[in-house]
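The values are calculated or read from the model by the stated rules, or taken from the named source; none is laboratory data. What you see is a predicted model, and the numbers here were worked out from it, not measured in a lab. Virtual Cβ from ideal backbone geometry, glycine too; neighbours counted across all protein chains shown.
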Amino acid sequence: MPDIALDNLSKSFGTFVAVDGATLTAADGELLTLLGPSGCGKTTTLRMIAGLEEPSGGSIRIGERMVYDRAHGIDVPAEVRGLGMVFQSYAIWPHMTVAENIAYPLRMRRVGRAQRRELVDKVLDLVGLSGLGDKPSTLLSGGQQQRVALARALVFEPALLLLDEPLSNLDAKLREQMRFELRIMQQRIGLTAVYVTHDQEEALTLSDRLVVMNHGEIEQIGTPTEVYEHPATRFVAQFIGKGNMIDVASGVDWQPSGARLTLHSGGEAREVQIPASSIRTEPARKTKAAANADLSPAASLFVRPEKIEIGSGERAGARSAHAVHLAGRVLGRAYVGNRAEYLVAINDATSLKVESSTDVTVGPGAEVMLSIAPEDMVLYRPSPQ
């Protein structure tokens with residue numbers, strides 16, 4: 001049985017629908033990340049799980065315990081749901097020592113002094129703050145404050161750990177370090193966690209599975225690899241990582257085995273065969289944003305920059321024997337340390353972003369050949385034909 005299950009969970013503020021029918025599960029020991037842009041509903045979903053926001057409908061089960069079910073009038077108060085939560089602001093009390101901050105949830109639960117000391121010492125060691133229990137909290141660095149907030153959420157052994165953008169206040173280098181430490185710690189404890197972030201790299205690094213949200217709806221649920229390599233919708237493709245989206249609104253021949261379309265490059269027409277496994281049919285949307293679905297092209301072709309090989313010869317690379325070869329002209333090149341980024345025009349209307357190793361040194365104005373494996377392209381259409 002999953003450690004947490006949301007069924008058709010929704011939340012409205014007046015006429016504004018913040019979360020629209022969210023249904024998901026997280027298994028025992030899994031770290032599930034809610035990912036999406038500001039206003040997509042991820043924090044509202046987390047707050048409903050925590051009991052800090054009352055849903056408008058649906059249900060929430062944690063373990064075998066139903067903590068919210070609107071249809072049956074169940075609404076367990078936040079303070080008795082047994083959840084640990086780490087906020088973006090950490091909420092460290094400046095008048096308390098490190099140990100007093102961490103022990104606060106135990107005091108509220110009337111745990112005896114000796115047991116409190118034992119549990120605090122144990123969790124201090126877990127988060128790498130051994131020996132700092134008596135230190136004033138005002139003397140802590142940002143990274144140490146984050147560890148104290150995490151220790152306070154873990155000290156009473158919660159049924160579920162909720163984290164709302166806990167690393168966003170740290171500088172880039174410390175954030176990268178802490179995301180690995182947090183992941184290792186969560187795996188060591190084996191605690192189920194729900195994590196909220198808008199940072200794609202953070203989500204890909206930390207998660208067992210991602211829940212990508214947009215305008216209150218879930219766009220896709222999957223492992224980091226599934227979401228990155230096989231984005232289910234145009235939104236997911238464009239939100240996660242970098243990519244090229246090419247409008248191919250007309251001239252697509254849909255076939256049972258896939259689709260055939262034509263791309264124009266270097267003054268020539270290039271036929272592209274897209275396998276059925278690379279075609280995504282997007283469902284109709286209920287949201288206000290989806291009401292504009294008619295404005296979307298009938299079909300869009302998506303490919304990530306690192307999937308495109310670039311060369312100065314007639315053929316670029318050998319990733320696939322069935323690769324599509326497109327002639328182009330380099331508009332710009334940028335060196336970014338471990339790779340080079342290019343902008344290549346394949347015709348007057350279309351330019352592609354390309355990433356390559358620094359071994360390729362073609363410069364602006366150079367005529368190049370791009371090579372793309374059909375299986376590395378994703379073709380989107382809004383509804384079945």
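Here VAL236 clears all of (1) assigned by TED's automatic domain parsing to the domain that holds THR43; (2) within 13 Å of the chain's Cα centre (by Cα) except the condition numbered (1).
Considering region 1-48, the residues that are in contact with a Gly (Cβ under 7 Å, 6 or more places away or on another chain) and of a type in the set (S, T, N, Q) include one that is surrounded by the most Cβ atoms within 10 Å (Cβ to Cβ), namely SER10. In region 134-152, the residues that are within 21 Å of GLU118 (Cα to Cα) and in the same structural domain as ARG117 (by TED's automatic domain parsing) form Cβ pairs under 7 Å with partners that are in a helix (DSSP H, G or I) and hydroxyl-bearing (Ser, Thr, Tyr), at six or more places apart or across chains, as follows: VAL148/SER137; ARG152/TYR104. Please verify whether region 192-202 includes one or more residues that are more than 13 Å from the chain's Cα centre (by Cα) and within 17 Å of THR33 (Cβ to Cβ). Yes, some residue in region 192-202 is more than 13 Å from the chain's Cα centre (by Cα) and within 17 Å of THR33 (Cβ to Cβ).
Among the residues of region 156-177, just one is free of Cβ contacts under 8 Å to residues at least 60 places away in the same chain and surrounded by 20 or more Cβ atoms within 10 Å (Cβ to Cβ), namely LEU167.
For region 224-234, the criterion of a residue being surrounded by 18 or more Cβ atoms within 10 Å (Cβ to Cβ), at pLDDT 95 or above, on the phi < 0 side of the Ramachandran plot and of a type in the set (Gly, Ala, Ser) is satisfied by no position. Which of the residues spanning region 344-359 are surrounded by 19 or more Cβ atoms within 10 Å (Cβ to Cβ), in contact with a Ser or Thr (Cβ under 8 Å, 6 or more places away or on another chain) and over 11 Å from ILE246 (Cβ atoms)? If the condition is that a residue be surrounded by 19 or more Cβ atoms within 10 Å (Cβ to Cβ), in contact with a Ser or Thr (Cβ under 8 Å, 6 or more places away or on another chain) and over 11 Å from ILE246 (Cβ atoms), then VAL344 is the only one that fits.
Restricting region 121-148 to residues that are of a type in the set (Asp, Glu) and over 33 Å from the mean Cα position of the chain (by Cα), the residue that is surrounded by the most Cβ atoms within 10 Å (Cβ to Cβ) is ASP121.
Only one of GLY313, GLY317, GLY337 is modelled with pLDDT under 90, within 26 Å of the chain's Cα centre (by Cα) and assigned to a loop (DSSP other than H, G, I, E, B); which?
Criteria check complete, one pass: GLY337.
Let me spell it out: the conditions are (1) over 28 Å from VAL148 (Cα atoms); (2) more than 25 Å from the chain's Cα centre (by Cα); (3) buried (at least 22 other Cβ atoms within 10 Å of the Cβ), and VAL67 meets all of them except one. Which number is the exception? Evaluating VAL67 over (1) over 28 Å from VAL148 (Cα atoms); (2) more than 25 Å from the chain's Cα centre (by Cα); (3) buried (at least 22 other Cβ atoms within 10 Å of the Cβ) leaves (1) as the failure.
Applying the condition of being of a type in the set (Ser, Thr, Tyr) and at pLDDT 95 or above to region 18-42 and asking which residue is farthest from LEU83 (Cα to Cα) yields THR23. Taken over region 83-120, the criterion of being surrounded by fewer than 17 Cβ atoms within 10 Å (Cβ to Cβ) and under 30 Å from GLY21 (Cα atoms) is satisfied by PHE87, GLN88, SER89. Looking only at residues of region 235-259 that are surrounded by 14 or more Cβ atoms within 10 Å (Cβ to Cβ) and among the aliphatic types (A, V, I, L, M), we find that the one that is farthest from ALA298 (Cα to Cα) is ILE240. Criterion applied to VAL120, VAL111 was being assigned to a loop (DSSP other than H, G, I, E, B) and without any contact (Cβ under 8 Å) to a residue 60 or more places away in the chain, and the one residue passing it is VAL111.
Taken together, LEU150, LEU206 contain a single residue that is farther than 30 Å from GLY21 by Cβ and touching a strand residue (DSSP E or B) at 6+ places or on another chain (Cβ under 8 Å), which is LEU150. In the set VAL236, VAL211, VAL252, VAL248, only one residue is more than 29 Å from ASP348 (Cα to Cα) and of a type outside the set (Ser, Thr, Tyr); that residue is VAL211. Exactly one residue out of THR23, THR44 is in contact (Cβ under 8 Å) with a residue 12 or more places away in the chain and under 22 Å from THR223 (Cα atoms): that is THR23. Contact map, region 67-80: first residue assigned by TED's automatic domain parsing to the domain that holds PRO158 and modelled with pLDDT of 95 or more, second residue assigned to a helix (DSSP H, G or I) and crowded, with 16+ Cβ neighbours inside 10 Å, Cβ cut-off under 8 Å, separation 6 or more or different chains; pairs are TYR68/MET48.
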